[in-house]
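Take this structure, written in structure tokens, and hold onto it; I'll ask about it next.
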Amino acid sequence: MASIVLATGFAACETEAIDEKVKDDSLPGNPILSFDLNSKQTVITDEVSVDFSGGGMSIVSKLSIVNTEDTSNPETRYKAAYLYINFSAMEIGNFPTTLSIDNPSNYLSSATLRIQELIPNEEEELEKVWIEYSTNNADENQNAGYANITHVNGTAQYMNGNFDYILYPYEEEETELSLQPQRITNGQFSYIHYE
């Protein structure tokens, strides 16, 4: 009896007209950017914008990262952060961090992650300090990852893509922290609006 009801339901869906809004490619979705940070946490944000400057394009996202060292204190549970992904052009394609024979297009990308850390000062009071990790801090000619722009919708003016980077701390960063490279994997951006 249940299979007859189910089959009837599926048959009714086959004859139902598709909503015209579903087919309208001039309607953008909500912007979203997500990635896995150091295989420990997934970071997701909808606070994403695009900046055109210096002949290229940047995706700028505002983030909140879980402070894995101290999740008990509500005041220090999350760290403010920004992720910047810079592209040499706004085209569909692969954008590695270094030029090579395998990259004849001359498309390049870079990424920078700025994280606000709490560091004790001389009086042992916690002070907010921005720490920067970037693909630009990798050794010369070292591949530090890539980004891909997989879709550009010129009608609704949005783009989709993915990314994967290793971000290195600035060598001369003077902090009491032991700074390690940050690994971003499974990065995705969708419906990122540009003008």
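The values are calculated or read from the model by the stated rules, or taken from the named source; none is laboratory data. This structure is a prediction, so every number in the text was calculated from the model and none was measured. For neighbour counting, all protein chains shown are included, and Cβ atoms are generated from backbone atoms with ideal geometry for every residue, glycine included. Accessible surface areas use protein heavy atoms only, side chains included; no ligands, DNA or RNA. Shrake-Rupley method; radii C 1.70, N 1.55, O 1.52, S 1.80 Å.
Consider Asn160 carefully, then state whether it is under 15 Å from Ser34 (Cα atoms), polar (S, T, N, Q) and open to solvent by 30 Å² or more (accessible area, probe 1.4 Å). So that I can check it myself, show each step before the final result.
On the way: under 15 Å from Ser34 (Cα atoms): yes; polar (S, T, N, Q): yes; open to solvent by 30 Å² or more (accessible area, probe 1.4 Å): yes.
Yes, satisfied.
Go through (1) out of contact with any strand residue (DSSP E or B) (no Cβ under 8 Å at 6 or more places or on another chain); (2) at pLDDT 90 or above for Phe10 and report which single condition fails.
Failing condition for Phe10: (2).
Here's a follow-up. When you look at Asn67, is it surrounded by 14 or more Cβ atoms within 10 Å (Cβ to Cβ), on the phi < 0 side of the Ramachandran plot and either basic (Lys, Arg) or modelled with pLDDT under 90 (or both), yes or no?
Values: surrounded by 14 or more Cβ atoms within 10 Å (Cβ to Cβ): yes; on the phi < 0 side of the Ramachandran plot: yes; either basic (Lys, Arg) or modelled with pLDDT under 90 (or both): yes.
Against the criterion (surrounded by 14 or more Cβ atoms within 10 Å (Cβ to Cβ), on the phi < 0 side of the Ramachandran plot and either basic (Lys, Arg) or modelled with pLDDT under 90 (or both)), Asn67 qualifies.
Check every one of the strands (runs of 3 or more DSSP E) wholly within the range 78-177 and list those with 2 or more residues that are closer than 14 Å to Met57 by Cβ.
Values: elements: 78-87, 93-96, 109-120, 126-134, 145-153, 158-169.
Result: 78-87, 93-96, 109-120, 145-153, 158-169.
Follow-up question, since we're still on this one. Just to verify a result, which residue in the range 42-56, among those that are in a strand (DSSP E or B), within 14 Å of the chain's Cα centre (by Cα) and not polar (S, T, N, Q), is nearest to Ile149 (Cα to Cα)? Don't jump to the end; show me each part of the working.
Let us first name the residues in the range 42-56 that are in a strand (DSSP E or B), namely 42-45, 48-53, 56.
Then keep just the ones that are within 14 Å of the chain's Cα centre (by Cα); that gives 42-45, 48-50.
Next, from what is left, pick out any that are not polar (S, T, N, Q): 43-44, 48, 50.
Numbers: Val43: 20, Ile44: 19, Val48: 15, Val50: 13 Å.
The selected residue is Val50.
Only one of (1) touching an Asp or Glu at 6+ places or on another chain (Cβ under 7 Å); (2) farther than 30 Å from Asn30 by Cβ is not met by Asn141, so which one is it?
Of everything listed in (1) touching an Asp or Glu at 6+ places or on another chain (Cβ under 7 Å); (2) farther than 30 Å from Asn30 by Cβ, Asn141 misses just condition (1).
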